[in-house]
Structure formats: C-alpha cells, structure tokens
Amino acid sequence: LDQNKLLLNEARKLVGYLVAQGYKLVALYVYVAIKNEPIYCKIRLENTDGKKILPMSRNEYGVYELKEPKFGEGLKPIYNQYDLFTNRDDPVWFVEGEKCVDRLKSLGLLATTSGSANSVKNADVSILKGRNVIIWYDNDIPGKKFAKEITAKLQAVNCNVKWVNVEVLNLPEHGDCVDHIE
C-alpha cells in the first residue's frame, strides 16, 4: 500500500502541468509482475473533452518519467499479472482497458487487459497459457478487431476462448463492460 502511495505521488508530480490545464487524475493503474512488484504504471486523466492515458516508469537512474520501460523481446506484460498467477484455475475476463479490469475485479471476477484496442500486437499473454478466457470487447469496430486479434493470440497459447455477445446488450456505440454494469 505504501508503494501505491509513492507511485501516486510521483504520478501527481509528473502530470501537474495537465492538471493545471483542467485535467483530473482519476486513476493510476499499476502493472505488477507475478511477484507483485511494480513494473510500470498508466496514469488516467480526464477532462470535459475526453481522456489521456500516459505511461509512467523509472529510468535507469531510479527517476520516474512519462514513458514506458523497455520490455524484453518487445512484448508488454498484461495487466493484473499477480492475480492471474495466484488464481490459476479461475476463468479470465479479457477486456479493453484497465478501467474495465478494475470494475470486473470489484465484482470478484478475475480480469486482465493488454491496454487499449490497439495494444494486442505487443501483449505477452503467455501467463494465460491453457486458461479459459472470456473476451468482452467494446461495442465498436476497433473492439471487434481487438476481439479477433486477442483471440488468435490466446489460441496460440492453447486458451479456450469465448466471447460475450456484445450486440445483445443494447450498449451505446463504444460501450463497454463498465457501461453495462452501471
């Protein structure tokens, strides 16, 4: 918990210039390794015009900055790895975005994401090898593309993949699991 406070303080310092422009820091998503150690973070900011999601990591000197760390083999870790590792028998919900993961997690479900609809290519899904995975994509064209791409990636590591039929949920355009739950 102290680690999260430290990370939040660092995030506030780095995005202070955006807060001064009217953005509100609404969430800090901490990507952790299977040993529950922080790898890097994503800072979510919102204003009346929309959102910004910025990466935050430590450089080689231990100073936090607004950029992603370099990942081995170019593959990025997926979100919520510690819970994925410690709950190996539970089905996994794969969604678009950390906000959706955290909302499903608040309902007691095990969830993860590669980030946005455009982040599948570099996602390291090896931790999900052989798992049962349910994909809940956003109700839009990029969401369907995301679902198809992540399905192929998951099937390549022998996952049993199912999709939520988003079309029958009467979601608005771009609607996601958070919209449906609320």
message: Being open to solvent by 20 Å² or more (accessible area, probe 1.4 Å), touching a residue at least 40 places away in the same chain (Cβ under 8 Å), under 21 Å from Y40 (Cβ atoms) and assigned to a helix (DSSP H, G or I): is that true of I127 here?
response: yes
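In this structure, does K99 turn out to be in contact (Cβ under 8 Å) with a residue 24 or more places away in the chain, part of a helix (DSSP H, G or I) and farther than 18 Å from N132 by Cβ?
Details: in contact (Cβ under 8 Å) with a residue 24 or more places away in the chain: yes; part of a helix (DSSP H, G or I): yes; farther than 18 Å from N132 by Cβ: yes.
It is true that K99 is in contact (Cβ under 8 Å) with a residue 24 or more places away in the chain, part of a helix (DSSP H, G or I) and farther than 18 Å from N132 by Cβ.
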message: Looking at T151 and the list (1) polar (S, T, N, Q); (2) buried (at least 17 other Cβ atoms within 10 Å of the Cβ); (3) under 25 Å from P55 (Cβ atoms), which single condition is not satisfied?
response: (3)
task: Find the residue count for the stretch 58-84, including only residues that are modelled with pLDDT of 90 or more and either surrounded by 18 or more Cβ atoms within 10 Å (Cβ to Cβ) or of a type in the set (F, W, Y) (or both).
output: 11
- request: Report yes if some residue within the stretch 100-112 is buried (at least 22 other Cβ atoms within 10 Å of the Cβ) and within 16 Å of A33 (Cβ to Cβ); otherwise report no.
  value: yes
query: What is the residue count in the stretch 151-170 for residues that are part of a loop (DSSP other than H, G, I, E, B), farther than 20 Å from N118 by Cβ and more than 20 Å from the chain's Cα centre (by Cα)?
result: 3
task: With the checklist (1) β-branched (V, I, T); (2) free of Cβ contacts under 8 Å to residues at least 40 places away in the same chain; (3) under 14 Å from E98 (Cβ atoms) in hand, flag the one item V32 doesn't pass.
output: (2)
- prompt: Taking the condition among the β-branched types (V, I, T), open to solvent by less than 30 Å² (accessible area, probe 1.4 Å) and either within 23 Å of D176 (Cβ to Cβ) or without any contact (Cβ under 8 Å) to a residue 40 or more places away in the chain (or both), does V26 pass?
  reply: no
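The values are calculated or read from the model by the stated rules, or taken from the named source; none is laboratory data. Model, not experiment: these values are computed from the prediction. Heads up, the Cβs are rebuilt from the backbone with ideal geometry, glycines too, and the neighbour counts pull from every protein chain shown. When the accessible area is computed, the model is the full protein with side chains, heavy atoms only, and any ligands, DNA or RNA have been set aside. Shrake-Rupley method; radii C 1.70, N 1.55, O 1.52, S 1.80 Å.
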